[in-house]
Amino acid sequence: MVMIIGLGSHKGGVGKTTFSRAIALVGAAQDLNVHIADLDQEQQSAFEWSQRRIASGRKPDISVDVYANPEQALRRADEFDLIVLDGPARAKALALEIAEASDLFIQPTKGVIDDMAPAVRMFHELVKHGIPKKKMVFALHGVLAAKEIEDGVEYLTGAGYEVIKGAMYMQRGYGDAQNFGLTALETKWDTLNADAARVVAQVVRRLRALVESEASENEASEQIQAKAS
């Protein structure tokens, strides 16, 4: 069964596509057949990045295509083990569609109030529309210091949401790598790669745990229904 990770945010430049690329690489490294669905038809950042990756000859190949909405992308669900829905910024309706289609929905944010306050409001809106909190998680990105992580975690968990442990720091090396079709795990610096890998590996583990839990719940429900009939 395909696993679905969705990414969205209240604003641009918070690291959605950076996380999408890194998650896809971690999935591919675990021998999963991975696909990124670029849902930003205007900018197509993920798709253009994939073309740079192909040109660089970097392996593994990461499949990316552009789609108008999650439903269109999920028509290809049978082809993949993991689909990453990379949503555009400031698109509330589409963010809800992505969250509904996802097993896990991630919202990257910086650890400052100006970014976190509207990010929390976005999650609150998703909850009002029926998205379970257990499906939603924050990931800190572009932080400048350990104190920003500490303050960010305190603020976001205080609002009632889970935060992936650790963060990707604001580092030029991440941008440089992606300029050439690489990911945040493929920079020239081992420390940057390790920081990114720790954060992204937690995302993939969190996704697997959710999918396995849901599968167990469905199996138990089917067994109960079978006995009842």
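Observations on the model:
- Area of Asp114 that stays accessible when all protein chains are in place (1.4 Å probe, Å², to 10): 130 Å²
- Residue-averaged 222 nm ellipticity for the chain, from DSSP H runs of 4+ at -39500 (n - 2.57), nearest 500: -16500 deg cm²/dmol
- Using the Cβ of Thr191 as centre and a radius below 15 Å, the other residues enclosed give a net charge of -1, where K and R count +1 and D and E count -1.
- Under 20 Å from the Cα of Lys59 - lysines, other chains or at least 8 residues apart: Lys188
- Among the protein heavy atoms, those of Asp31 account for about 140 Å² of accessible surface (1.4 Å probe, every chain in place).
- Computed over neighbours whose Cβ is under 14 Å from that of Asp86, the net charge equals -4, Lys and Arg +1, Asp and Glu -1.
- Semi-axes of the equivalent ellipsoid for the chain, Cα gyration tensor, largest first, Å: 27, 22, 17
- Average 1/r across all pairs of distinct alpha carbons in segment 112-188, invert it, and you get the Kirkwood radius: 13.8 Å.
- The chain, accessible area per residue, ligands and nucleic acids excluded (1.4 Å, Å²): 49 Å²
- Loop-located trypsin sites (Lys or Arg not before Pro) in segment 106-190 (DSSP state not H, G, I, E or B) with no more than 13 neighbouring Cβ atoms inside 10 Å: Lys188.
- The dipole here belongs to the chain: it is taken about the Cα centre, uses +1 on the Cβ of Lys and Arg and -1 on the Cβ of Asp and Glu, and is about 400 debye.
- Annotation note: GluC sites (Glu not before Pro) in segment 11-89 located in DSSP loop regions with a Cβ neighbour count of at most 16 within 10 Å are Glu42.
- Here segment 16-67 is treated as a Stokes sphere of Kirkwood radius computed over C-alpha pairs; at 20 °C and 1.002 mPa s its diffusion coefficient rounds to 194 µm²/s.
- Computed from point charges on the beta carbon alone (+1 for Lys and Arg, -1 for Asp and Glu), the dipole magnitude for segment 1-71 about its Cα centre is near 340 Debye.
- Under 24 Å from Lys92, Cα to Cα: lysines that are on another chain or at least 8 residues apart: Lys11, Lys16, Lys110, Lys128, Lys133, Lys134, Lys135
The values are calculated or read from the model by the stated rules, or taken from the named source; none is laboratory data. The structure displayed is predicted, hence computed values, not measured ones. Ideal geometry is used to build each Cβ from the backbone, glycine not excepted, and the neighbour counts take in all protein chains shown. Surface accessibility is based on the protein's heavy atoms, side chains included, excluding ligands, DNA and RNA. Shrake-Rupley method; radii C 1.70, N 1.55, O 1.52, S 1.80 Å.
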